[in-house]
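Have a look at the structure below, then the notes.
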Amino acid sequence: MTPRRTVRATPVAYGGFGCQDPTVNPSDLAEFNRLRRRLAISVIALACVTVVGVVGFALIGRSEHGLLDALYMTVITLTTVGFGEIIDMSNSPGGRAFTLALLLVGFAIVLYAVPMLTAFVIEGQLLNVFARRRMEKSIAGMSDHYVVTAGAAEAGHVVDELVKTGRQVVLVSPEGTPPPETESTMPVVTGDPTDDSALTDAGIERAAGFVACMESEKDNILAVLTARRLAPEVRIVAATERAETEGKLLTAGVNAVVSPNRIGGLRMASEMVRPKVVSFLDKMLRDEEGGLRVEEVTVQPDTSVVGRSLESLKIGEVEGTLVMALRGAGSGQYQFKPAQTTTLEPGMTLIVMTNVEGRNRLERLLQGARFSRT
């Protein structure tokens, strides 16, 4: 049986229906919220009229009738079903006047509330349908995006960093698993990340990268195998807490394995011996606007910069951009602070400190037609 999959976005929710989509028309959302407020007012008014009716009939019936009889009289009056009276009104002109007033006021509120409730339900369902279709269309139009699996706590940090630095992200969240806490909004495919159809819905064939970030290491391995089979060229990064699992993940087709425990230990050691450096890197990474980052851009063979000097790129003219190193295409050796006369060759990778604007400019120069991210 094929697992059920849905497509939505997170973390913006509308009206408690689970419809989550940043592409919903703002005017539609505003109208839906106004409808919700009106429905809340009508429900409160109906509750107040019901309470008044129960109290009134209880006083009219006095000791002969209890609250259940008073509630019964209130309900048949408001719904106008026409059943017989339990509390006798034949010798009570005041009771008849009360019943008449309750009927007119209560029935008017009911007439107002019922259509409002119907419209609220239909409107919410329509928003769900439209949101889902918009999100599916949004994913279908993505290319060179990043697919991240949910499950582990670090998945939220992965998503935030990718979004802040201008990358498109699709989250694949297992059924019954809440999406990770994140400040970012992105499409979410709800389904098993080890299932072909879930990753296909996330556009894995067109993705630039895949991050396996689930709590179960078995699930990570299966998800990696599935992603590698569906997208042989995609870059895959997986998380693991156990050293013996690294070899299995590499055999399954992972390009890089990350151990959160190991990174945490290295961070603690760095905090002890080089606190100023750690503080600088933290400030850079926690910049809410996704400012400076250490990025890499590879020279593609079909670009006009091949054979030109590094100086000709005029990287220094881009504010906040600094060339830190250059990795050779064949040798894999790094040249720190490379000379401006260095000739650019296909496969060379520039390591630069830059912002999103600077990275986009370098990608357009060095990757040419292959550059497609926004």
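Test GLY347 against the criterion of being open to solvent by 50 Å² or more (accessible area, probe 1.4 Å), under 22 Å from ASP302 (Cβ atoms) and either among the small types (Gly, Ala, Ser) or not in a loop (DSSP other than H, G, I, E, B) (or both), and give yes or no. It is false that GLY347 is open to solvent by 50 Å² or more (accessible area, probe 1.4 Å), under 22 Å from ASP302 (Cβ atoms) and either among the small types (Gly, Ala, Ser) or not in a loop (DSSP other than H, G, I, E, B) (or both). One residue stands out among those in segment 165-188 that are open to solvent by 50 Å² or more (accessible area, probe 1.4 Å) and charged (D, E, K, R): the one that is modelled with the lowest pLDDT, which is GLU183. Of everything in segment 225-249 that is among the hydrophobic types (A, V, I, L, M, F, W, C) and open to solvent by 10 Å² or more (accessible area, probe 1.4 Å), the residue that is modelled with the lowest pLDDT is ALA243. Looking only at residues of segment 137-151 that are over 14 Å from the mean Cα position of the chain (by Cα) and part of a loop (DSSP other than H, G, I, E, B), we find that the one that is nearest to LEU171 (Cα to Cα) is HIS145.
Working carefully through the options VAL306, VAL294, VAL323, find the one that is in a loop (DSSP other than H, G, I, E, B) and surrounded by 13 or more Cβ atoms within 10 Å (Cβ to Cβ). From the options VAL306, VAL294, VAL323, the qualifying one is VAL306. Flag: GLU205 matches the condition of being at pLDDT 85 or above, under 25 Å from SER138 (Cβ atoms) and charged (D, E, K, R). Between VAL254, VAL278, VAL258, VAL273, the distinction of being among the aliphatic types (A, V, I, L, M), more than 20 Å from ARG359 (Cβ to Cβ) and touching a Ser or Thr at 6+ places or on another chain (Cβ under 7 Å) belongs to VAL278 only. Does GLU154 satisfy the criteria of being acidic (Asp, Glu) and under 16 Å from the mean Cα position of the chain (by Cα)? When the stated conditions are applied, GLU154 passes them.
The values are calculated or read from the model by the stated rules, or taken from the named source; none is laboratory data. Predicted model, so just to flag it, every value in this text is computed and none were measured. A quick note on method: Cβ atoms are made from the backbone with ideal geometry, for glycine too, and the neighbour counts reach across all protein chains shown. With ligands, DNA and RNA removed, areas are computed over all heavy atoms of the protein, side chains included. Shrake-Rupley method; radii C 1.70, N 1.55, O 1.52, S 1.80 Å.
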